[in-house]
Amino acid sequence: MKVYSLPKILRDRLKHPSGKLIKNSKVNTNNLKGEFVSKALIVAVGDATTETLLSLGFIPNIEVVDGREMRIARKLPKSNYESLIKVKNPHSCLTEESLQAVSDALSAKMPVRIFVDGEEDLLALPIMASYPIGTIVVYGQPRIGLVFNCLDLEIRKSVITMLNMMGIYL
C-alpha cells in the first residue's frame, strides 16, 4: 500500500484554520443555517464535528470518522448512513486506499460514512481537491470551534499544491 507522508512544513501550516471559523460558543442552529447552501454536498471530517452537525439537525452527505477525538478513543457518532467505506490511514499520512475511499464516497448511496482505522484529519485535503465546487467541508479546530469551507477554485488550488508537496497528483 502506497503511503504519502505529511512534510513538516505542511504540519505547521495545517495547524491554523483555513476557512470560516465559528467558535464553539457560537455553534448553534441559527448561526449554522447561513453556512449551508441549499442542495450543496455537505462533508463532515471528524467525530466531534459529525456529532455536532447531527445534533443540530444538519445531516452530512459524507462523514469521515475514526472513533477518536484528539487521539483518545470515543464512541462513534450515531448516524443513519446508507453506505460504509472502511480504510486504513496512518497518522500524518494519506494512503492510496484513503484517496480511493474519498473518490468512491461520491458515487456511493448517501449518506456515506468513511470509517478510518488510523487518523481521518488529512482526508479533508483530497476531498477539498476533488469534490465539486460549492461542496461544504466542515472540520473541527480543537478546543476552538468548527471551520467551514465552501469549495471554490482558490481553495482547490491551495489544497492541490499541498497534496503535490506530499507527492500526490490527482
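The values are calculated or read from the model by the stated rules, or taken from the named source; none is laboratory data. Here the structure is a predicted model, which is why all the values come from computation and not from measurement. All Cβ positions, even for glycine, are placed from backbone atoms using ideal geometry, and neighbour counts span all protein chains on display.
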Region 65-83 residues that are at positive phi, paired with ones that are of a type in the set (D, E, K, R) and not in a loop (DSSP other than H, G, I, E, B) (beta carbon under 6 Å, 6 or more apart): none
Filter result for the condition that a residue is over 22 Å from residue 146 (Cα atoms) and in contact with a strand residue (DSSP E or B) (Cβ under 8 Å, 6 or more places away or on another chain), over 27, 65, 3: 3
In region 144-170, the residues that are touching a residue at least 24 places away in the same chain (Cβ under 8 Å), surrounded by fewer than 18 Cβ atoms within 10 Å (Cβ to Cβ) and not hydrophobic (A, V, I, L, M, F, W, C): 156, 158, 167
The lone exception for residue 101 - which of (1) part of a helix (DSSP H, G or I); (2) in contact (Cβ under 8 Å) with a residue 24 or more places away in the chain; (3) crowded, with 17+ Cβ neighbours inside 10 Å it fails: (2)
Matching residues in region 44-57 - criterion: being crowded, with 20+ Cβ neighbours inside 10 Å and either outside any helix (DSSP H, G or I) or modelled with pLDDT under 95 (or both): 44, 45, 46
Matching residues in region 21-43 - criterion: being touching a residue at least 12 places away in the same chain (Cβ under 8 Å), of a type in the set (D, E, K, R), surrounded by fewer than 14 Cβ atoms within 10 Å (Cβ to Cβ) and not in a helix (DSSP H, G or I): 23
Scan of region 107-156 for residues that are out of contact with any helix residue (DSSP H, G or I) (no Cβ under 9 Å at 6 or more places or on another chain) and over 27 Å from residue 71 (Cβ atoms), ordered by number: 107, 108, 109, 110, 134, 150, 152, 153, 154
Filter result (over 10 Å from the mean Cα position of the chain (by Cα), touching a residue at least 24 places away in the same chain (Cβ under 8 Å) and in a loop (DSSP other than H, G, I, E, B)) within region 104-142: 108, 109, 110, 111, 119, 131, 132, 134, 135, 142
